[in-house]
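Below is one structure, written out as structure tokens, with a few remarks after it.
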Amino acid sequence: MPKASELKRGSVVEINGGVYIVRDIDIRNPSARGASTLYKVRFFNVRDGRKVEQTLKSDDFVRDGNLTRRSVQFSYREGDMITFMDSEDYSQYTLTAEAVEEQSGYMTEDLEGMIALLVDGEIVGVEMPPSVTLEIVDTAPGIKGASASARTKPATLSTGLEVQIPEYLEIGEHIKVNTTNGKFVSRA
């Protein structure tokens, strides 16, 4: 059982019989002498997405959650169901489109680096790689002489995702997009 001071973003713990993932940790050091460091932790339930916030002392123990991570690849979409294939044993896992609604704008057929989150052999979610490469399919024409630090313009990418990109980029170019905040990173 890890202590609260050992928790990191992405750690899996068990709270009241449910499996939760650590999303944010805010560390506070009280100014009073002898006061212990406090960790304000935001947890998300892997099954239904509910969030729980707890404030823990550095020496409080938390229970390890029983979660398995497997490398998967986007396989296909059928109606409102999305199927992923395990990269090692080729088994398939199916999730509703609603369960991966926030991540669907980053999913392409050749995307690698996705991690399936399994609880008792059942898929409950997917973790995306830190960034993905997508093609620009619609944007205003590029402006000659626009510098890399200039203004931005909206662009629609191959998955339907809309992001702000620098003015010098044009349709057909590939860019990297951060999957945590949905922002342009660089040319691919």
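The values are calculated or read from the model by the stated rules, or taken from the named source; none is laboratory data. Since we're looking at a predicted model, the values are computed, not measured. As a convention, Cβ positions derive from the backbone with ideal geometry for all residues, glycine included, and neighbour counts pool all protein chains shown.
Name the one entry in 51, 40, 57 that is surrounded by fewer than 12 Cβ atoms within 10 Å (Cβ to Cβ) and more than 15 Å from the chain's Cα centre (by Cα).
51
Which one is surrounded by the most Cβ atoms within 10 Å (Cβ to Cβ) among residues in region 89-142 that are in a helix (DSSP H, G or I) and of a type in the set (Gly, Ala, Ser)?
Looking at the filtered set, the residue picked out is 105.
Name the residues in region 38-63 that are at pLDDT below 85 and either assigned by TED's automatic domain parsing to the domain that holds residue 94 or hydroxyl-bearing (Ser, Thr, Tyr) (or both), would you?
Listed by number, the list holds a single entry, 58.
Which one is nearest to residue 100 (Cα to Cα) among residues in region 165-188 that are β-branched (Val, Ile, Thr) and surrounded by 14 or more Cβ atoms within 10 Å (Cβ to Cβ)?
Result: 179.
Looking only at region 43-76, how many residues end up being free of Cβ contacts under 8 Å to residues at least 60 places away in the same chain and either in a strand (DSSP E or B) or β-branched (Val, Ile, Thr) (or both)?
Residues meeting the conditions: 19.
Evaluate region 10-23: report whether one residue or more is farther than 29 Å from residue 92 by Cβ and either outside the structural domain of residue 93 (by TED's automatic domain parsing) or of a type outside the set (Val, Ile, Thr) (or both).
Within region 10-23, one or more residues are farther than 29 Å from residue 92 by Cβ and either outside the structural domain of residue 93 (by TED's automatic domain parsing) or of a type outside the set (Val, Ile, Thr) (or both).
Considering only region 11-42, state which residues are under 25 Å from residue 68 (Cα atoms), of a type outside the set (Asp, Glu) and in contact (Cβ under 8 Å) with a residue 24 or more places away in the chain.
Of everything in region 11-42, those that are under 25 Å from residue 68 (Cα atoms), of a type outside the set (Asp, Glu) and in contact (Cβ under 8 Å) with a residue 24 or more places away in the chain turn out to be 12, 13, 15, 18, 19, 20, 21, 23, 41.
Give the residues of region 16-62 that are in contact with a Phe, Trp or Tyr (Cβ under 9 Å, 6 or more places away or on another chain) and among the basic types (Lys, Arg), sorted by residue number.
Correct list: 23, 28, 50, 51, 57.
Results for (1) farther than 18 Å from residue 121 by Cα; (2) in contact with a Cys (Cβ under 7 Å, 6 or more places away or on another chain); (3) not acidic (Asp, Glu), shown as yes or no for each residue.
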site	(1), (2), (3)
3	yes, no, yes
14	no, no, no
54	yes, no, yes
66	no, no, yes
95	no, no, yes
103	yes, no, yes
